[in-house]
Amino acid sequence: MDRIPILRMGRTLLVTVQVDMHDQLAVRLLDDLTEMITKTRARGVLIDISALDMVDSFIGRMIADVAATSRILDAQTVVVGMQPAVAITLVELGMELPGVRTALDVERGMELLNDAGDR
């Protein structure tokens, strides 16, 4: 079964979604991230979705679930690289992503996570 790679960079986990995310892949990502946060004691999760052209309500909920689960495990989540069409779709679906911070690119996302770790 497909897996989305999760890289460790210090106390941050970097997830780069390079394929269209289907429901099973999103569920597997949530499980894998939960395990990695616990195993590595990560303080931040950065998810790069710049390759995603579209999302549905299930994927939107999974992003929110990743953030909620990370927060419970004492890690912050930042989603970067959201395409305008994806943002518009999430708004049109009425999706709120509580606990999810966003940034335009990986560099700014890392700054947000580093700022959160300084507090």
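Just so you know, all these numbers are worked out from the coordinates, no wet-lab data involved. All values reported here derive from a predicted model rather than from experimental measurement. Positions of Cβ are generated from backbone atoms using ideal geometry, with glycine treated the same way; all protein chains shown enter the neighbour counts.
For the chain, place one equal point scatterer on every Cα, skip the solvent, and apply the Debye formula. What is log10 of I(q)/I(0) at q = 0.24 Å⁻¹?
Taking Cα atoms of the chain as identical point scatterers yields -1.62.
Take every Cα pair under 8 Å in the chain that's 6+ residues apart, average their separations, divide by the length, and report that relative contact order as a whole percent. Mind showing how you got there, number by number?
Values: 196 pairs, mean separation 29.4, N = 119.
It comes to 25 percent, rounded to a whole number.
Charges on Cβ only, +1 for Lys and Arg, -1 for Asp and Glu, centred on the Cα centroid of the chain; of 64, 24, 34, which one is farthest towards the dipole's positive end?
Among 64, 24, 34, the one farthest towards the positive end of the dipole of the chain is 34.
Would you please state which residues of the stretch 15-35 a label at residue 53 would reach in this model, taking the label point 7 Å out along Cα→Cβ and a backbone N cut-off of under 19 Å?
In the stretch 15-35, the label zone of residue 53 (backbone N under 19 Å from the point 7 Å along Cα→Cβ) covers 17-23.
Using a basic spin-label model with each label point 7 Å from the Cα along Cα→Cβ, how many nm lie between residue 30 and residue 108?
Computed distance between label sites residue 30 and residue 108 equals 2.8 nm.
Just rank 40, 77, 89, fewest to most, by other beta-carbon atoms within 10 angstrom. Present the calculation step by step, with values, prior to reporting the outcome.
Values: 40 15, 77 28, 89 18.
With the fewest neighbours first, 40, 77, 89 line up as 40, 89, 77.
For the stretch 6-117, what is the percent of antiparallel DSSP beta bridges, rounded to the nearest 5? Let's see the in-between values first.
Numbers: 4 of 18 bridges.
So the antiparallel bridges amount to about 20 percent of the total.
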